[in-house]
DNA sequence: ATGCTGACGTCGC
DNA sequence: CGCGACGCCAGCA
């Protein structure tokens, strides 16, 4: 078999983790990257989200924000306001593209899944 | 094939 | 305390 490397699986793993995010919660790119063991590849996680639009089952990319709880990737949604609207619809308070009570909403896979 | 960019994060100066 | 650079992986010119 080819050395699929973690590359191909990286996207898949990212999607899997994002899909595990419970409703009303959110996580950060770095948290996911760290959970996958790539720590520094947070950028690639965001890149995976870009590809998540065409992935099934649906990937709640709107639950993934930067470590500051800011909807940095809202501009990539359609429409961009959908991200905030969706989060708010799930009970997440978002003001000025920033999640309120971020530490409370934050969902760390390496912490929640590592039970 | 090479280089730059991109939905980030951490370290250094 | 503020700004800059590097690292990581994949896509595109």
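Just so it is clear, none of the values below were taken in a lab; they were calculated from the coordinates. Computed from a predicted structure; not experimentally measured. Methodologically, a virtual Cβ is constructed for each residue, glycine included, from the backbone with ideal geometry; neighbour enumeration extends over all protein chains shown.
Among the candidates A:31, A:51, which residue alone is within 14 Å of DNA strand C (Cβ to nearest atom), touching a residue at least 24 places away in the same chain (Cβ under 8 Å) and within 20 Å of residue A:101 (Cβ to Cβ)?
Details: A:51 fails: within 20 Å of residue A:101 (Cβ to Cβ).
Only one candidate qualifies: A:31.
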Looking at the stretch A:16-37, which of its residues are crowded, with 18+ Cβ neighbours inside 10 Å and assigned to a loop (DSSP other than H, G, I, E, B)?
A:21, A:25
Would you check which residues across the stretch A:45-77 are crowded, with 18+ Cβ neighbours inside 10 Å, near DNA strand B (Cβ under 6 Å from one of its atoms) and assigned to a helix (DSSP H, G or I) and list them?
A:46, A:49, A:52, A:61
State the number of residues belonging to the stretch A:54-68 that are in contact with a helix residue (DSSP H, G or I) (Cβ under 8 Å, 6 or more places away or on another chain) and more than 22 Å from residue A:92 (Cα to Cα).
2
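Report, by residue number, each residue of the stretch A:78-115 that is more than 20 Å from residue A:32 (Cα to Cα) and crowded, with 18+ Cβ neighbours inside 10 Å. Before you say what the answer is, go through the steps one by one.
Restricting attention to the stretch A:78-115, the residues satisfying the condition of being more than 20 Å from residue A:32 (Cα to Cα) are A:78-82, A:84-86, A:88-91, A:93-97, A:100.
Across the stretch A:78-115, the qualifying residues are A:84, A:94.
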If you take the residues of the stretch A:78-115 that are part of a loop (DSSP other than H, G, I, E, B) and under 13 Å from the mean Cα position of the chain (by Cα), which of them is farthest from residue A:26 (Cα to Cα)?
A:108
